[in-house]
Amino acid sequence: MIGSYLKTSRRSLVRNKLFSFINIIGLAISMSVGLLVIAFLTDLVSYDHFHVKKDRIYRVVTKNEADGQPSMDFASMSLKAGKKIKESFTGFEDITLLRPGFSADARVSKETVLPVSAWWADDSFFRVFTFPMLEGDSSTALREPYSLVLTEKTAKKLFGESDALGRTVQFDTLNYTVTGIIKDIPNLSHLRFEALVSFASVENEKWLVTGEKESWDHIYSNYAYFTMPENGSTKALQTNLDRLSASENKGLQNRKISLSIQPISTITLGKHYSNEIGHSFSVAVAWILAGLAFVVILSACFNYTNLSIARSLRRSKEVGIRKIVGALRGHVLGQFVTESVIIALLALVFSFPLFLVLRKQFMSLDQFPENLVALELSPRIVLYFIMLAVVTGISAGFLPAIFFSRMKAIQVLKDASGLKVFRQVNLRKVLILVQYTFSLMFITATLIGYHQYKGFLAFDLGFNTENILNIKMQGNKSELLKKELAEIPEVGMIARSNMITSLGSLYGTSMKYKDPGDSARLYQNAVDANYLPMHRHKFLAGGNFTTKPVKGNETQIIVNEQVLKRFNIADRNPQKALGEVLQMDDRKLTIVGVLKDFHYGTVEKEIEPTAFRYYDDESTGGYLNVAVKSADWSETRTRIEHAWRKIDKVHPLDAKFYTEQIELAYSQFLVMIKVIGFITFLAICIASMGLFGMVVFTTETRLREISIRKVLGASEGGLVFLLSKGFLFLLVIATLLALPATYLFFDKIVLTNFAYHAPISLSVMLAGVLVVLFIAFVMIGSQTVIAARGNPAKVLKSE
């Protein structure tokens, strides 16, 4: 029986070459997208699965709530909270404290100085996480101060092939002893580091923020992970965290900090937290990608269903004979499902090379997917691919199989023309309508998204970004580089800043006015006196910093309009606000200037209270902001790199134009647009292929009608209209469904997440419609014109 199914399926494929080609290619194209999404989601859900205790590892997260401000969720927590949990809590198996940010140059000899990115970790680290130790004792490697554990790759980078264990590495003026070598970090780990430094070392560091050890609300720098016992309950632990939070919050005014727990499995694919370490990916976006792939595959399945039912009259006698010789309904059902599965498996063969091409293109879109996933093939993923093909085949062939299995043998063999297939015509129309509705929604969404992206890049941020090159200092003294850059003719004004605004990074602190119990979150940047003039910030009152502060004796601050509104300073009058005093970080600062509101964060966020403070002259971090005017940028960059190498022979120059950094800040948005745009292209191609097949079949079955109409005097144009009006009517209906749905989706859901966005343009929406209608018209017109121009004598000579 199975052999018969296979033979019949092969003969059907060969006999109907055009329809087989349309189905196989359509399914192959759509399944290649499905394969990419399967590989992508498989990687996301596989993050941190290499840890032996992965199902019992949790992270402590923090919710920060202040009166009059939106609450914020942080992946980090205070050092005080971590120590209290570790010292006094019960109910967990092990807990480890981490602190990122140990980034310095490692010196192992006079000739070998290399940058190393490390984290502080305590001696419980290897009891919670599974990072296999190649050399050293994992139970003691991070116990003593100034102990250092290297990854295998880092050890080879520093010491080559020689033994690294027990060797000394110097960071700044301190010596660290290598106490362990671990295997390189797996790709699918949200924890990425080159080395680990014992947490006991941080206790001796002079730069540790004053009072941080005793501060409950300094929640920005430390992380805690713990393991639960097998069959242990997290409810009791959460109850203890709630009690700790309630007790410590008594010392805060108008602010509340709450601790909760998060499974490690939801860190990468789950809710995004501020101060996240590693990448995170939204569950909603993952569902959207899966949904887009499903719609594209569904469109190809619709093609198969449409064309199979359309050919029902041709295959009706085959079904009738099968039933006469004893085939049951289930046998017929099995025959047509088997046929569709074979087509799907053939499509899988063609889709795999397409998947390899798509994978390469997808990984090259941006650094984000390249750093997030590997998309490497494994037996599990190959099995998923085969399962996708089988499920797709069954789904595509289910409706045709049901239809053919219900045929009555006697009626079919007596008069096949009387077969009641007309009720299936409406089904075919519905399938075409759904295909083109989704295609129109996709292309309209892509065009709207791209229009918004271009709007973000062109948005008036409230300050100048043109021709400004931002150079990351990487621990070097800015005065040395300023002196070298001043010798370059193309370099104009040079400023300094602690960070680059409008890229999404936020540096906040607490601010108070007259009421000591009323505090607000203030975003800030430390700059020098050249910064505001260079970026052309607009003063509403006052002016630039008037005095250069002595270190530790800062007295001035420049604020935006939102600061005045938040505390109603001087009735929000910029002139009268000058001279008012704000308290920040235990310092009292006098307002010397009020700026017109500008965008500190990306433009999807509301403008919030923001201030500029004076840059610390002795700081070795931050950026130099350099005004550059050059007719030959490559030559100018060479000169800047030469100036950089004079002060730093270890780190490569890290310099980008401000406008380039803004584009990078929205690059993930652009990646999503490109992905949806590509899927849109595939959806339209698949829908058009299906439409082409239906038009070919329709014109073939109506050749006699067309010939008779021509003999009776019908014009060629009238025949084209007659044959195409049904399809064009479906496209008009699809347009009327797709455009309002897409508009409402963006207006009520997507763009509500963006405080500042461009209005949805009617011309942008109609552009996609015209593209799809043109493609469909070409598909329909090319075949109907051929049929209308045919010689009626050749068709009717046998009648």
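Since every read-out is calculated from the coordinates, none of them should be taken as a lab result. Just so we're clear, the structure is a prediction, and the values are computed from it rather than from any experiment. Cβ atoms come from the backbone with ideal geometry, glycine included; neighbour counts cover every protein chain shown.
Which pairs, out of K454/K605; K54/K674; K86/K157; K454/K748; K256/K576; K512/K565, put more than 23 Å between their alpha-carbon atoms?
Violating the 23 Å limit, Cα to Cα: K54/K674; K86/K157; K256/K576.
Taking amide H as placed 1.01 Å from N in the peptide plane, L595 has its amide H under 5 Å from the amide H of L540, V559, N560, E561, each at least 5 places away in sequence or on another chain.
Give me the percent of DSSP beta bridges within the chain that run antiparallel, rounded to the nearest 5. Looking only at bridges with both residues in the chain, the antiparallel portion is about 75 percent. If you plug the beta carbon distance of V671 and L703 into 1/(1 + (r/R0)^6) with R0 = 45 Å, you get a FRET efficiency near 0.40. Dipole magnitude for segment 66-126: about 220 debye, using +1 per Lys or Arg Cβ and -1 per Asp or Glu Cβ, origin at the Cα centre.
Where nothing but the Cβ of Lys and Arg (+1) and of Asp and Glu (-1) is charged, how large is the charge dipole of the chain around its Cα centre, in debye to the nearest 20?
That gives the chain a dipole magnitude of about 4640 debye.
Just to confirm the number: angle between the C-alpha axis of helix 2-15 and the first principal axis of the chain, 0 to 90 degrees, nearest 10? Taking Cα atoms only, the helix is inclined about 80 degrees.
Put simply, the amide H of A104, placed in the peptide plane, has neighbours under 5 Å in V116, A118, leaving out anything fewer than 5 places away on its chain. Karplus-derived 3J(HN,Hα) values for segment 485-500, using 6.51 cos²θ - 1.76 cosθ + 1.60 with θ = phi - 60°, are 5, 4, 7, 8, x, 6, 8, x, 5, 10, 10, 10, 8, 6, 8, 9 Hz; glycine and proline are entered as x. With the charge dipole of the chain set up from +1 on Lys and Arg Cβ and -1 on Asp and Glu Cβ about the Cα centre, the Cα lying farthest toward the positive end among the listed residues S395, M534, L447 is that of S395. Each of K83 and L480 was given a label point 7 Å from its Cα along the Cα-to-Cβ line. The distance between the two points is 3.5 nm. Sorting 231-238, 778-785, 171-178, 667-674 by average packing, meaning the other beta carbons within 10 Å per residue, from highest down gives 778-785, 667-674, 171-178, 231-238. Put a plus charge on the Cβ of each Lys and Arg, a minus charge on the Cβ of each Asp and Glu, and nothing anywhere else: the dipole of segment 30-188 about its Cα centre is then about 120 debye. Computed per residue of the chain from DSSP H runs no shorter than four, each worth -39500 (n - 2.57), the mean residue ellipticity at 222 nm is -16000 deg cm²/dmol. Rounded to the nearest whole Hz, the Karplus-based 3J(HN,Hα) values (6.51 cos²θ - 1.76 cosθ + 1.60, θ = phi - 60°) of segment 362-372 follow the sequence 5, 5, 8, 4, 6, 5, 4, x, 5, 7, 8, with x at glycine and proline. What's the angle, to the nearest 10 degrees (0 to 90), between helix 667-701's Cα axis and the longest principal axis of the chain? Approximately 0 degrees, to the nearest ten. One chain, two ends: V732 and K235. Fully extended at 0.36 nm per residue, the span grows by 173.3 nm beyond their Cα-Cα distance. Can you give me the angle between helix 235-249 and the longest principal axis of the chain, using Cα atoms only, in degrees from 0 to 90, rounded to the nearest 10? For 235-249 against the chain, the angle is about 40 degrees. Toward the positive end of the charge dipole of segment 58-266, with +1 on the Cβ of Lys and Arg and -1 on the Cβ of Asp and Glu, the farthest Cα among A106, N249, F131 is that of N249. Our estimate of slack between D654 and V349, defined as 0.36 nm per intervening residue step minus the Cα-Cα distance, is 105.3 nm. Maximal additional length on extending the Y756-S715 stretch stands at 9.2 nm, based on 0.36 nm per residue less the C-alpha distance.
In terms of packing, defined here as the mean over residues of other Cβ atoms within 10 angstrom, the peptides 116-124, 154-162, 580-588 line up highest first as 116-124, 154-162, 580-588. Projecting the Cα atoms of A75, L97, T179 onto the charge dipole of segment 58-266 (Cβ charges, centred on the Cα centre) puts A75 farthest toward the positive pole. Spin-label model, K156/A284: points 7 Å from Cα along the beta carbon direction are separated by 4.3 nm. Backbone geometry of segment 523-531 corresponds, through the Karplus equation with coefficients 6.51, -1.76 and 1.60 at θ = phi - 60°, to 3J(HN,Hα) couplings of 8, 9, 9, 9, 9, 9, 6, 7, 5 Hz, x marking Gly and Pro. Neighbour counts of other Cβ atoms within 10 Å put Y743, Y304, Y615 in the fewest-to-most order Y743, Y615, Y304. From most to least packed by mean Cβ count within 10 Å, the peptides 40-46, 446-452 give 446-452, 40-46.
Only aspartates and glutamates eight or more places from K183 in sequence, or on another chain, were considered; those with a Cα closer than 16 Å are D48, E135, D137, E152, E161, D163, E194. FRET efficiency for the pair S364 and D137, taken as 1/(1 + (r/R0)^6) with r the Cβ-Cβ distance and R0 = 41 Å, rounds to 0.45.
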